[in-house]
Structure formats: structure tokens, C-alpha cells
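The block underneath contains the structure these notes are about, expressed in C-alpha cells.
The values are calculated or read from the model by the stated rules, or taken from the named source; none is laboratory data. As the structure is a prediction and not an experimental result, all values here were calculated from the model. Neighbour counts are summed over all protein chains in view; Cβ atoms, including those assigned to glycine, are modelled from backbone coordinates with ideal geometry. All accessible areas refer to the heavy atoms of the entire protein, side chains included, with ligands and DNA or RNA removed. Shrake-Rupley method; radii C 1.70, N 1.55, O 1.52, S 1.80 Å.
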Amino acid sequence: MDSEAAFYKIKVRYIALLIIVGMILFFMFIGAICPSLGGPEKAVIAGLFFYALIALWITLNFNKYDVNYKKFVGTIPYDINWLEVIAVVFAIIILSLGFTELRIYILSTINPDILSYVPGSSTFYSLKDSPMAPFLNFMEFIIGVLIAPIVEEFLFRGVMLHRFTVKWGIRTAVLVSSFIFGILHADILGAFLFGVVMCILYIRTGTIIVPIICHMLNNLIAYGTQMLGTFAPKVSKAGTVTHIPNLELAIFLMIFSGVIIGYYIYRNWPRKYWVSPYFRKYDEEY
């Protein structure tokens with residue numbers, strides 16, 4: 001099938017319906033056959049099932065419309081500037097830290113006692129949560145650092161970017177796919193900018209492998225940050241995590257990282273005549 005014709009036929013809205021119905025049926029099924037299953041175990045199994053649903057939908061559509069997997073994935077160019085790639089990924093992480101610091105500052109300004117409401121519990125499972133805590137934490141790592149980046153890049157930078165390109169053009173496709181990616185994450189603006197940068201990386205390099213690697217790096221650092229917070233929390237006498245927000249630090253982090261990200265996006269923003277990687281002829285380079 002013609003490369004663009006395949007993505008004319010793939011309907012992205014069906015994935016939302018599949019996820020909603022699939023997850024409802026999943027929890028009904030788990031509740032019926034394993035009523036005593038603990039919350040941590042259900043959460044991990046649900047995470048695996050969630051990404052399995054998306055992967056299944058992508059696979060079925062690719063097979064149905066004869067999408068060329070090799071062309072879709074692409075190959076890493078030999079001349080890629082990895083230093084620039086890693087620098088912009090770290091800039092996005094720093095920007096997210098700045099936004100987080102700013103949110104905490106604003107909340108603490110509105111209500112000075114709000115920090116005392118923040119629980120001091122770990123983001124990782126303990127033996128108090130489940131006797132399978134070590135295994136569950138390992139599976140959370142596998143899901144967050146390995147599975148999620150692969151599936152999400154295939155869906156947002158792969159399927160959605162190409163589908164929206166044939167519908168609205170590549171520039172709008174970058175913005176819309178990144179917006180959808182952003183609203184599905186806690187840090188909406190940070191995730192949106194991350195999505196834009198990942199789209200640009202995919203378009204410029206012609207391979208989904210580069211965004212996947214960057215996504216894995218981003219999630220790995222986020223996971224490591226959570227781990228550091230777990231083993232070295234700041235605890236008050238009341239037993240809650242205390243963090244004194246710093247407005248100057250937040251502003252510095254946002255400006256510093258924002259300049260790097262803004263310059264990268266400005267310099268690499270897709271031209272109107274550019275096409276998504278799967279629609280590109282093999283001798284085309286951007």
C-alpha cells in the first residue's frame with residue numbers, strides 16, 4: 001500500500017475507545033477472578049496491560065495496512081550530533097524541575113501550611129505495601145524506562161505524527177501530537193515541549209530510534225531522581241517531607257533551559273515542504 005494511504009486509513013480516535021473499554025474490562029475481570037489481589041500488584045499488571053493494548057492496536061493497524069516496519073523505524077544516521085541531542089533532553093528535564101519548583105512556591109504562597117500536607121511516603125513500594133515489593137519495583141522500572149518510551153514514541157511520534165501530517169501538514173501534526181502527549185502527563189507544558197523536541201528529532205534523523213533513546217534517558221533520570229528522594233528525604237518533626245521552595249532558583253532553571261530549548265526548536269522547526277520520515281524518499285535529508 002502507498003505510504004501515505006496507510007495513514008489516511010488509520011484512525012487515531014479508535015485507540016482512545018480501545019483503551020477506555022479495555023481498561024474497564026480489565027479491572028472488572030481482575031476484580032472477579034482475583035478479589036484479594038493487592039493494590040500494588042493490580043497497578044503493575046494494569047500498567048503492563050495498558051501498554052500491551054496500545055502495542056496491539058499499532059501492530060494490528062500496521063499489519064492491516066501493510067506499513068513497512070523497517071522504513072517506519074528507520075536507521076540511525078552516522079553523523080548525528082549526540083551531544084546536542086543529550087543537551088536538549090537535559091534542558092527539558094531542567095525545565096520540568098523549574099516548573100515543579102515554581103508550582104510549589106505558588107502553592108506555598110497561597111497557603112503557607114500546604115507543604116505540611118505533602119506525605120512523606122516513598123514513591124516506591126515497600127514490604128509494607130506488598131511482600132512482592134522488590135519485584136514490583138523492578139517491573140515498574142521496566143515499564144517506565146523501557147516499555148513506555150518505546151510504545152509512546154511509536155504512538156505519538158510515529159502513528160499520530162504521520163496521521164496528522166496527511167490530515168493537516170507536518171507543522172500542525174507536530175503541535176497536535178505533542179499537545180495530546182502533554183495533556184496525558186502531570187507536567188503538561190514540560191511534556192508538550194518534550195513532545196515537540198522528540199518530533200523534531202524524529203523528523204531530522206529519520207528514525208524513531210533516536211526519540212526512543214532520548215525518552216528512555218529522560219525517564220531513567222526521572223526514576224533516579226525519585227530514588228534519591230526516597231533514600232534521602234527531608235523530613236520534619238511531624239514526619240512529613242519539607243521543602244522550602246526557591247523562586248529565584250525556579251526562574252533561573254526555567255530561563256536557562258528555556259533559552260536552550262527555544263533556540264533548538266527555532267533552529268530545527270520543520271519547513272512547510274518537509275514530510276514525515278515514513279513518507280520521505282530514501283535520498284531526502286533535512
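Annotations for the structure displayed:
- If you take all other residues with their beta carbon under 14 Å from the beta carbon of PRO40, and give Lys and Arg +1 and Asp and Glu -1, the sum is -1.
- Tail fraction, Cα-Cα pairs, region 155-220, threshold 21 Å, whole percent: 15
- Kirkwood analysis of region 91-215, using all unique Cα-Cα pairs, places the hydrodynamic radius at 16.7 Å.
- The chain: projected area of the alpha-carbon convex hull, averaged over directions, in nm²: 17.5
- Extension gain for ARG13 to THR109 (0.36 nm times residue separation, less C-alpha to C-alpha distance): 30.5 nm.
- Rounded to the nearest 20 debye, dipole of the chain from Cβ charges on Lys, Arg, Asp, Glu: 640
- Radius of gyration and maximum dimension Dmax of region 1-81, Cα, Å: 17.6, 54
- Helix runs (DSSP H) in the chain reaching 15 Å along axis by Cα, Kyte-Doolittle at least 1.6: 13-33, 82-110, 170-183, 188-205
- Counting only protein heavy atoms and using a 1.4 Å probe, the accessible area of VAL21 comes to about 70 Å².
- Between the beta carbons of LEU175 and SER126, assuming R0 = 35 Å, the FRET efficiency works out to 0.25 to the nearest 0.05.
- Each Lys or Arg adds one and each Asp or Glu takes one away; over the other residues whose Cβ falls under 15 Å from the Cβ of TYR51, this sums to -3.
- Exposure rank, largest accessible area first [THR165, THR172, THR207; 1.4 Å]: THR172, THR165, THR207
- Additional length obtainable on full extension of the chain from LYS167 to ILE221, 0.36 nm per residue less Cα span: 15.9 nm
- Local electrostatic count at LEU102 - Lys and Arg +1, Asp and Glu -1, tallied over other residues with Cβ under 12 Å: -2
- Applying a DSSP loop filter and a limit of 14 other Cβ atoms within 10 Å to the trypsin sites (Lys or Arg not before Pro) in region 9-82 leaves LYS11.
- Mean ellipticity per residue at 222 nm, deg cm²/dmol - from DSSP H runs of n ≥ 4 across the chain, formula -39500 (n - 2.57): -21500 deg cm²/dmol
- Scanning the chain for GluC sites (Glu not before Pro) lying in DSSP loops with no more than 14 further Cβ atoms inside 10 Å, the longest uninterrupted stretch between such sites is 1-283.
- Area of ARG103 that stays accessible when all protein chains are in place (1.4 Å probe, Å², to 10): 110
- Rolling a 1.4 Å probe over the protein heavy atoms gives region 21-148 an accessible area of 59 Å² per residue.
- Carbon and sulfur %, accessible surface of the chain computed with the full protein complex present, 1.4 Å: 70
- Highest-fluctuation residue, ILE255, ILE45, ILE244 considered, GNM on the chain with Cα pairs under 10 Å: ILE244
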